């Protein structure tokens, strides 16, 4: 049994002349939750589509469970669970039928499929909607059913493409709770997201991608410490004096015109110093987050 | 291949079984309408028609053609509009592709389902035509495998169009340019014998002509020489369009 469930070496994907993924290498260890972060168009979805065989590689090597994706897609797909970004529930069938029909694609025998479906609907707290159709359900319920469907074959690797995009806070927490539980049970998870709090909560390790390339890789906490520091001091409506003060003190900061972000491991002295002398509109000292890392590395320009 | 094709087919059957009471109606009512309009309405005006040197009634002439049209329409409709809805709007194929199923299995299962719709429609219609004493048995039973084989051929060409159209409205084109002319001019409502040579050549180049030819032979329990050619045509037609459909759908789904 190989130690890594996914091993990508220098994978590339071209769509015509557009390079969607460029020289990406990473590996996912058994039992870990691995996150791919990046702005829209960074190549996250393309990368995971290559893993489950929707997108042949232009160059590089990609192995799942030690098997080459281009040659043994069927065996690989039998052992993974996939939650795609779009709702792919079958609207012609009820929720329970959706699960039973899907189980057949994995050649799971009928009685076993029924037992498994009942168990998963209970796990997702959706027992009571088993005879409903997808169209009658909320976005959060649909996402939980898609998740249940991805678990029918007891996958060794669960792939989630933006699992909580578009969900309300309650539904997001519902999904996260399930993912914590699965992670505790030792399931390997690969997810893409552009919610930094989601990545911080769930992932053991992440990569941040932009324009098809990996910018950084590491544990969320390490990345924050390395790139930002312990905390961030936000200064609203900064004056010229504060800018020159910060420069004199040789502090790293980002200038957003109406706001300054001072990065680093500060102490209360600096905070008081600044807030007493320069804060006209208010200063906030807060803990540094992954979002700071993300924005620092990928920039603040819109990706549209 | 193997069980995967059957699983995809089975999914469509499960959905069909939920709505069978509605799905049942068109193949039951349509032939009745045609039989009434053409058979009873027109046959008085037309009288008898020549077939293989013998005189047959106009009703007996068009009944096998109605069967053939039904086979063509059911499979072609299923693998154009219905398959497109599953592929494009419902993302059914995307979900399937994340399981051990391959694109080839999914598409073959879809075409086999289209052919099955042709068989269902044929069996229903045969029951009605048998009531009018328009099918000779046991030769008539060959209509069932014929419905599956020809349904597969028309389903494959339908699936090919599904692989290339960018928008569902574009299916109007093959229906208007391919299906409707065949429906009218492929030896269905009038014999091709006696038509100008170019009309006959155009008709002979299209699949429905050959399906109608086989359907007549099986309904009348007669074997005429042209049927071997017709069978060969449908086999070659399938051998061309089935791989083309797989190729176009693979290109469409795997990017």
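A short reminder: the numbers here are calculations on the coordinates, not readings from a lab. Every value quoted in this text rests on a predicted model; they were computed, and no experiment measured them. All Cβ positions, glycine included, derive from the backbone under ideal geometry; neighbour counts span all protein chains shown.
List of remarks:
- Report note on the peptides B:102-111, A:127-136, A:156-165: ranked by the mean count of other C-beta atoms within 10 Å, highest first, their order is B:102-111, A:156-165, A:127-136.
- Relative contact order of chain B, pairs being alpha-carbon contacts under 8 Å that are 6 or more residues apart, as %: 25 percent
- Peptide-level mean, for A:86-96, of C-beta atoms on other protein chains within 10 Å: 5
- Look at the stretch B:9-19: the mean tally of other chain Cβ atoms within 10 Å of its residues' Cβ atoms is 3.
- Förster radius 22 Å - calculated FRET efficiency between residue A:268 and residue A:237, Cβ distance, rounded to 0.05: 0.50
- Footprinting exposure proxy ranking of B:83, A:188, fewest other C-beta atoms within 10 angstrom first, gives A:188, B:83.
- Mean Cα-pair separation over length for region B:93-165, i.e. relative contact order, pairs under 8 Å, 6 or more apart, %: 42 percent
- Least to most buried among A:283, B:219 (fewest other Cβ within 10 Å first): A:283, B:219
- Rounded, prolate or oblate (a/c below 1.5 giving rounded, otherwise prolate when a/b exceeds b/c) for region B:64-112 by Cα gyration tensor: oblate
- Order by protection proxy (mean Cβ within 10 Å, highest first), peptides B:182-191, B:167-176, A:108-117: B:182-191, A:108-117, B:167-176
- Estimated from helical segments only, the mean residue ellipticity of the protein assembly as shown at 222 nm is -15500 deg cm²/dmol, where each DSSP H run of four or more residues counts as -39500 (n - 2.57).
- Prolate/oblate/rounded label for chain B (Cα gyration tensor, a/c 1.5): prolate
- Label-point separation in nm, residue A:247 to residue B:29, each point 7 Å along Cα→Cβ: 8.2 nm
- Residues B:132, A:65, B:218, A:102, arranged from fewest to most other Cβ atoms within 10 angstrom of their Cβ, appear as B:132, A:65, B:218, A:102.
- Between helix A:169-184 and chain A there is an angle of about 70 degrees, using the helix long axis and the longest principal axis of the Cα atoms.
- An oblate overall shape is assigned to region A:112-169, the ratio a/c of its alpha-carbon gyration tensor axes (a ≥ b ≥ c) being 1.5 or greater and a/b not exceeding b/c.
- Computing FRET efficiency as 1/(1 + (r/R0)^6) for residue A:197 and residue B:175, where r is the C-beta to C-beta distance and R0 is 60 Å, gives about 0.70.
- Axis angle, to the nearest 10 degrees, between helix B:3-18 and the longest C-alpha principal axis of chain B: 70 degrees.
- Compared with the dominant Cα axis of chain B, that is its longest principal axis, helix B:103-131 is turned about 30°.
- Over region B:1-104, relative contact order from alpha-carbon pairs under 8 Å, at least 6 apart, %: 21 percent
- The protection proxy used here, the mean number of other Cβ atoms lying within 10 Å of each residue, ranks peptides B:4-12, A:141-149 as follows, highest first: A:141-149, B:4-12.
- Within 10 Å of each Cβ in A:43-56, the average number of Cβ atoms from other chains: 2
- Working from label points 7 Å from Cα in the Cα-to-Cβ sense, the residue A:284 to residue A:23 distance is 3.9 nm.
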